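Throughout, read-outs are computed from the coordinates displayed, never taken from laboratory work. Bear in mind that the values here come from a model prediction, so they are computed numbers and not experimental data. When we count neighbours, we look across all protein chains shown, and the Cβ atoms used for this are built from the backbone with ideal geometry, even at glycine.
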Amino acid sequence: MSQSDRRRILLHIGLQHTGARAIQAMLAHNRERLVGQGVRPVIFDHGGWPLVYMFATPDRRLEGGDPRFRRLWGERRRGARPAAVAAARRELDAALDDPHAHTVILSCELLAEQLRSREVKALARRLQEAGEVSVLGYLREPGAYAQAAAETRLREGVSLRMLKRTPPQPGYRKSLLKFIRHFGQAAVELRPHHPRRLVGGRVLDDFESACGFAPGTLERPTAPLPDTRLSRAAALLLDIRNRLIGWRRPGRAIRFPPMLTRPLAELLPGRAFRLGTETRREARRRSRRDMVWLGEALGRRPFPAGRGPALPPRPRAPGG
């Protein structure tokens, strides 16, 4: 294959709370149409964990062992199984070696947060052997990220008191610098997840544009994704659970009781849970260095001035 005919590979690193699952649902919905056009979409199951474990190597120097390889449960446990990792490897190799595919789109949720620098280097080497690679990632404004991440942390066993003490931070420099280093600055495109920065104001329209498709090429899935946002009552219920069960080890709370607390919390109706203004302001303050680095990487201010977009109203339960 000549240099001009090299396969194009788009690696979508789905940073948390940036619409990665909606993008993957759209790719899955259009899989047959894309394959017929010579575009091979690859979506990794189990939250992307099989691809993480494919390239991750345990670091025995860490005290207590590598946290990615101990106390596995849920999607992480299923993604760590040898059969799941082998299936992901076969799917990746088949896509990269497909002679009929001129474009390969890889979408994975957890690469930026979970892979270390040497593992990103191994991933870059494997992809660059197969074609010209471009990396795409979406970024949330720190205050909006803290709001979305707080709901995830509550489900994982962290109490509201701990969230107020140390608000979630995106940590973009730590997550993305290794991709810029090993794929090259020109190959990595970072797009702010903000209506004023996205093409069409929506992440699906923007992703369609980033792939080089004309507007309307990809059909949107008819079945909407489940609304996983928490109500205020659900957040308080999870907070009580976390303080009673997970005050010493937050990891215990996520598994007790899995058949009751988590589904009940997600179904409780009421006003949407919101972090306090001071907590979001503290998240922005702690992320100031990250924003300076991000502005230098983008060559402009990452996000528009002012507050981030308001959350859409939470749908009320039937009869509520």
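What the table below lists for this structure:
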| item | result |
| --- | --- |
| From phi via Karplus (6.51, -1.76, 1.60), per-residue ³J(HN,Hα) for region 234-245 in Hz, x at Gly/Pro | 5, 5, 5, 4, 5, 5, 4, 4, 5, 6, 7, 9 |
| Amide H contacts of residue 15 (H built 1.01 Å from N, under 5 Å, at least 5 apart or other chain) | 138 |
| Cα gyration tensor, region 32-164 - rounded (a/c under 1.5), prolate or oblate | prolate |
| Low-density loop cleavage sites - trypsin sites (Lys or Arg not before Pro) in region 119-215, where at most 12 other Cβ are within 10 Å (DSSP) | 196 |
| Potential extension, residue 118-residue 102 segment - 0.36 nm per residue separation minus Cα distance | 3.0 nm |
| Rounded if a/c under 1.5, otherwise prolate or oblate - region 127-187, Cα gyration tensor axes | prolate |
| Overall form of region 133-238 per C-alpha gyration tensor (a/c, 1.5; a/b vs b/c) | oblate |
